[in-house]
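Take a look at the structure below.
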Amino acid sequence: MKISFLGDAKEVTGSCYLVETEKTKFLVDCGMFQGGEVEDELNYQEFIFDVNDIDFVLLTHAHIDHSGRIPLLYKRGYRKRIYATKATVDLCRYMLPDSGHIQEMESEWKNRKRKRADKPLREPLYTADEAKDSLSIFYGIDYGEIIEPAQDVKVRFNDGGHMLGSSIIEVWVNEKGKETKIVFSGDLGNKKIPLLKEVTPIKSADYVLCESTYGNRLHEDIGDRAKKLMEIIIKTVKRGGNVIIPSFAVGRTQELLYELHKNRELYKDEIEFLNNVPVYVDSPLATSITDVFTKHPEYLDSEAQEYIKRGDLPLDFPNLYFTHSVEESKALNEIKTPVIIISASGMCEAGRIKHHLKHNLWRPECTVLFVGYQAKGTLGRKLLEGEKNVKIFGEDISVKAEIEYIESFSGHADQNGILDWLSQFTDKPRKIFIVHGEDEAQEELADKIENQLGIETLIPSRYDTYNFEEDKLFTAEAEDKVKLSVELTNKIEEMKLRSDKALNKLQELINSKDITKDLSPIVSELNNINESLMKLYRELLD
């Protein structure tokens, strides 16, 4: 058996792992790379496996960096099952078509630029309709249910506490009369996330793939989270500014609404003042996702269920409004009195949030409040790192608004949360693969695990493969260099042969002194060789 790390390795997006047993091949996650142009190009790469060889897919949760290339998998011919929790399936019914719509819009915008630059046009990664079609192969299961998607594989989904329906996946593989258990942490939830239950402890595993987003950091005190949120809102509104909250449409937006609903009671002196401040959720996707939360109360924690029993909807309050149309969204930036706008995307890379930032970043009375992780290269990360000028829709925007960050709203466990979860294994894993994190976070977490828990760790890179039988991690770099060397040698040999033939023909014509002969085929061939050499040169630079 072997496992290949096709994404989410020394990075926080593109989650995808290929597991190959003697009889079966399956994927865990098939997520989209996010962050910038380089990551966008990674999404367009061919899968390194034949989609027809994949027997099934296990999906940890619905976030696009874990699910976002499933429609592409379907587009390229995959037709077998995708297993996920029922809530995850319901979330994907909205999230994947929305992602397809974004792909179409961005492709249209980029193709206009390509056309002006006389560059070849490119079709979207997939369309909204293609994403809808892919939903036909999703299959929902319950937490705790053991399924056997193949003769040699058993699977159980457990509550990951990260978002509605998120999962830690236990996988048992029987090979050569021996059972090996692998646990995929998915994204581990933070402690006391509003609405959600706590992370499920797992007692045994041979190998664990463990996320490390906050592997080198500790969150702020959870108890101060609501207080800080309300204080930022009150302070900003009192000086006449808007509060702009870039938020993931799935999970984080609903958690914010719950906190706003619940904690208004703590500010009774300010309640009349707060009731006059409209809260707008400007994301059609977030609106639909809020309905999914209402549909699945069994996934919510006891506190939220108590609200529901009392007939008090935990995701609703008097001055809350959901926008639907583009016109309604645009109208928000014409309102003269202070408002709170919660809008996607959470990393400010796409969607309506970019319009709200364009209209509010340059205003010193406003606040942009981040409540989630910002990946390298994203607009959100640039703002958090203090950039004073940013480009939005090609326009230079001066950053004068106050930039705030409440880290304890993160849906990810911090370093202590990860270590606490790993320490609950009564049968220690042989090895832990550190995934879903940036270099510094991974390295510090790996050291902590080895020193505190006494478990060996490995930090794979993208395309590395671990062979369980040989107990060895094969790095893609060495193999890629050999492969690249062979490919370059073959290409150079091919061009050398073509060049020799063309030059020999040219020499024959020169020797014959026949000026009536047409030189254009030879000149054309030499031009083609030159273009091929330039293309090869560009590949080497890349």
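Might you check whether a residue that is in a strand (DSSP E or B), within 21 Å of the chain's Cα centre (by Cα) and not β-branched (Val, Ile, Thr) occurs anywhere in the range 165-177? Scanning the range 165-177, I find at least one residue that is in a strand (DSSP E or B), within 21 Å of the chain's Cα centre (by Cα) and not β-branched (Val, Ile, Thr), so the answer is yes. Taken over the range 217-231, residues that are in contact with a Lys or Arg (Cβ under 9 Å, 6 or more places away or on another chain) and outside any helix (DSSP H, G or I) amount to 3.
Just one of (1) buried (at least 17 other Cβ atoms within 10 Å of the Cβ); (2) within 15 Å of Ala350 (Cα to Cα) trips up Trp109, so point out which. Failed condition: (1). Within the range 345-390, restricting attention to residues that are over 17 Å from Ala249 (Cβ atoms) and modelled with pLDDT under 90, the residue that is least open to solvent (accessible area, probe 1.4 Å) is Gly377.
Only one entry of Tyr139, Tyr94, Tyr143 meets the criterion of being open to solvent by 50 Å² or more (accessible area, probe 1.4 Å), aromatic (Phe, Trp, Tyr) and in contact with an Asp or Glu (Cβ under 8 Å, 6 or more places away or on another chain), and that entry is Tyr143.
For Val250, the test of being under 21 Å from the mean Cα position of the chain (by Cα), outside any helix (DSSP H, G or I) and buried (at least 24 other Cβ atoms within 10 Å of the Cβ) is passed.
The sole residue among Ile234, Ile245, Ile289 that is in a strand (DSSP E or B) and either surrounded by fewer than 23 Cβ atoms within 10 Å (Cβ to Cβ) or touching a residue at least 40 places away in the same chain (Cβ under 8 Å) (or both) is Ile245. When the criteria are applied in full, Leu195 meets the requirement of being in contact with a Phe, Trp or Tyr (Cβ under 6 Å, 6 or more places away or on another chain) and not polar (S, T, N, Q).
Scanning the range 426-446 for residues that are closer than 12 Å to Ser212 by Cα and either touching a Phe, Trp or Tyr at 6+ places or on another chain (Cβ under 6 Å) or open to solvent by 10 Å² or more (accessible area, probe 1.4 Å) (or both) turns up Glu438, Asp439, Glu440, Glu443, Glu444.
Applying the criterion of being open to solvent by 30 Å² or more (accessible area, probe 1.4 Å) and assigned to a loop (DSSP other than H, G, I, E, B) to the residues of the range 302-323, the residue that is nearest to Thr85 (Cα to Cα) is Leu313.
Here is a yes/no grid of residues against (1) more than 20 Å from Gly411 (Cβ to Cβ); (2) in contact with a helix residue (DSSP H, G or I) (Cβ under 9 Å, 6 or more places away or on another chain):
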| residue | (1), (2) |
| --- | --- |
| Ala286 | no, yes |
| Thr290 | no, yes |
| Glu298 | no, yes |
| Tyr307 | yes, yes |
| Asp312 | yes, yes |
| Lys336 | yes, no |
| Ile340 | yes, yes |
| Met347 | no, yes |
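Only one entry of Asp50, Asp129 meets the criterion of being open to solvent by 70 Å² or more (accessible area, probe 1.4 Å) and closer than 28 Å to Thr294 by Cβ, and that entry is Asp129. Give the residue, chosen from Met95, Met105, that is aliphatic (A, V, I, L, M) and without any contact (Cβ under 8 Å) to a residue 24 or more places away in the chain. After ruling out the rest, the residue left standing is Met105. The lone criterion from (1) open to solvent by less than 10 Å² (accessible area, probe 1.4 Å); (2) in a helix (DSSP H, G or I); (3) not β-branched (Val, Ile, Thr) left unmet by His61 is number (2). Here the condition is being at pLDDT 95 or above and either over 18 Å from Val435 (Cα atoms) or not charged (D, E, K, R) (or both); of Glu41, Glu20, it holds for Glu20 alone.
Taking into account only those residues within the range 146-158 that are of a type in the set (D, E, K, R) and open to solvent by 20 Å² or more (accessible area, probe 1.4 Å), which is nearest to Tyr214 (Cα to Cα)? Per the criteria, the residue is Arg156.
Per-residue answers, yes or no, for (1) surrounded by fewer than 20 Cβ atoms within 10 Å (Cβ to Cβ); (2) touching a residue at least 60 places away in the same chain (Cβ under 8 Å); (3) at positive phi:
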{"position": "Ser167", "(1), (2), (3)": "no, yes, no"}
{"position": "Asn174", "(1), (2), (3)": "yes, no, no"}
{"position": "Ser185", "(1), (2), (3)": "no, yes, no"}
{"position": "Leu195", "(1), (2), (3)": "no, yes, yes"}
{"position": "Asn216", "(1), (2), (3)": "yes, yes, no"}
{"position": "Arg239", "(1), (2), (3)": "yes, yes, no"}
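Can you confirm whether Tyr321 is within 14 Å of Ile245 (Cα to Cα) and aromatic (Phe, Trp, Tyr)? Criteria not met by Tyr321. When Gly14, Gly35, Gly77 are screened for being outside any helix (DSSP H, G or I) and buried (at least 24 other Cβ atoms within 10 Å of the Cβ), only Gly14 passes. On the given criteria, is Glu22 open to solvent by 10 Å² or more (accessible area, probe 1.4 Å), free of Cβ contacts under 8 Å to residues at least 60 places away in the same chain and farther than 29 Å from Thr290 by Cα? In short, no. Has the range 253-263 got any residue that is part of a loop (DSSP other than H, G, I, E, B), open to solvent by 10 Å² or more (accessible area, probe 1.4 Å) and either aliphatic (A, V, I, L, M) or touching a residue at least 60 places away in the same chain (Cβ under 8 Å) (or both)? Taking every residue of the range 253-263 in turn, none turns out to be part of a loop (DSSP other than H, G, I, E, B), open to solvent by 10 Å² or more (accessible area, probe 1.4 Å) and either aliphatic (A, V, I, L, M) or touching a residue at least 60 places away in the same chain (Cβ under 8 Å) (or both).
The values are calculated or read from the model by the stated rules, or taken from the named source; none is laboratory data. Keep in mind the model is a prediction, meaning the values are calculated, not measured. Please note: Cβ atoms are built from the backbone with ideal geometry, for glycine as well, and neighbour counts cover all protein chains shown. Ligands, DNA and RNA are excluded from the accessible area calculation, which covers all protein heavy atoms including side chains. Shrake-Rupley method; radii C 1.70, N 1.55, O 1.52, S 1.80 Å.
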